[in-house]
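Beneath this line is the structure, given in structure tokens, with notes to follow.
The values are calculated or read from the model by the stated rules, or taken from the named source; none is laboratory data. Here the structure is a predicted model, which means the values were calculated and not measured. Reconstructed Cβ throughout: ideal geometry from the backbone, glycine too, with neighbour counts over all protein chains shown.
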Amino acid sequence: MKDRLLSIGIVGTVVAAVCCFTPVLVLLLSAVGLSATIGYLDIVLLPALAIFILMTGYALWRRQRQ
């Protein structure tokens, strides 16, 4: 369970960081025709990034504690 939580946290953090700090998601959404939703990306991606970073930190803390 602890290794699974760590891997989910790391993968989620990387995906959210790539979508937040690079225009990958903007290019994909505009290619599909959903460019009107680009303004709402920060509302979803920044809290998701924070949650995944906290999840990774918690998994690392649990791993170190045992």
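With the structure loaded, tell me whether ALA36 is in contact with a Phe, Trp or Tyr (Cβ under 6 Å, 6 or more places away or on another chain) and either of a type in the set (Asp, Glu) or at pLDDT 80 or above (or both) or whether it fails that test. First the steps, then the outcome.
Working: in contact with a Phe, Trp or Tyr (Cβ under 6 Å, 6 or more places away or on another chain): no; either of a type in the set (Asp, Glu) or at pLDDT 80 or above (or both): yes.
When the stated conditions are applied, ALA36 does not pass them.
Of the helices (runs of 4 or more DSSP H) entirely within the chain, those holding at least 1 residues that are on the phi < 0 side of the Ramachandran plot and touching a residue at least 60 places away in the same chain (Cβ under 8 Å) occupy 2-21, 41-65. Sort out which residues of region 1-12 are surrounded by 14 or more Cβ atoms within 10 Å (Cβ to Cβ) and of a type in the set (A, V, I, L, M), and write them in order of number. Across region 1-12, the qualifying residues are LEU5, LEU6, ILE8, ILE10. Give the residue that is nearest to ASP3 (Cα to Cα), with candidates limited to residues of region 13-59 that are surrounded by 12 or more Cβ atoms within 10 Å (Cβ to Cβ) and small (Gly, Ala, Ser). Selected residue: ALA59.
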